[in-house]
Amino acid sequence: LQTGNWRHCPSGRTATHRAQVHATSPVARVGRAQYQLFAVLALKTFLRTDYRGVAQFLTDFAEIRNDLGLRDTPHYSTLCYAAQRLLKKGTSSSSSCAPPRPQRTAA
């Protein structure tokens, strides 16, 4: 169905609306949400392995992949780019794990 310049999708929403929602959503292009990638990065740290190692681990253990809600195993380069994006240091002082510094007193 076409109405004017709007093209309707089977879900009842317009294609333009779906594109706008996709562009602003926290879901990656392939359907991986940022929290899923973050969980895989936490698993990488827990297993003390590299990006290829955690990708192979997820390939071998479908149960864990299903628990994280992943349809397939993310490519190791996807994990590398997600780590650069999600694990930036110094972006927010409120998320710092370091205890506050004591106030300096004049001597």
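Can you find, within segment 49-77, the residue that is farthest from the chain's Cα centre (by Cα) among those that are aromatic (Phe, Trp, Tyr) and surrounded by 14 or more Cβ atoms within 10 Å (Cβ to Cβ)?
So, considering only residues that are aromatic (Phe, Trp, Tyr) and surrounded by 14 or more Cβ atoms within 10 Å (Cβ to Cβ), the one farthest from the chain's Cα centre (by Cα) is PHE57.
Just to be sure I understand, how many residues within segment 33-43 are open to solvent by less than 40 Å² (accessible area, probe 1.4 Å) and in contact with a helix residue (DSSP H, G or I) (Cβ under 8 Å, 6 or more places away or on another chain)? Can you show your working first?
Going through segment 33-43, the residues open to solvent by less than 40 Å² (accessible area, probe 1.4 Å) turn out to be 33, 36-37, 39-41, 43.
Still in the list and also in contact with a helix residue (DSSP H, G or I) (Cβ under 8 Å, 6 or more places away or on another chain): 37, 40-41, 43.
Qualifying residue count, segment 33-43: 4.
Sort out which residues of segment 57-86 are in contact (Cβ under 8 Å) with a residue 12 or more places away in the chain and assigned to a helix (DSSP H, G or I), and write them in order of number.
Of everything in segment 57-86, those that are in contact (Cβ under 8 Å) with a residue 12 or more places away in the chain and assigned to a helix (DSSP H, G or I) turn out to be PHE57, LEU58, THR59, ILE64, TYR76, SER77, THR78, LEU79, CYS80, ALA82, ALA83, LEU86.
The values are calculated or read from the model by the stated rules, or taken from the named source; none is laboratory data. The model shown is predicted, which means the values in this text are computed figures rather than measured ones. For neighbour counting, all protein chains shown are included, and Cβ atoms are generated from backbone atoms with ideal geometry for every residue, glycine included. Surface areas here come from the heavy atoms of the whole protein model, side chains and all, with no ligands, DNA or RNA. Shrake-Rupley method; radii C 1.70, N 1.55, O 1.52, S 1.80 Å.
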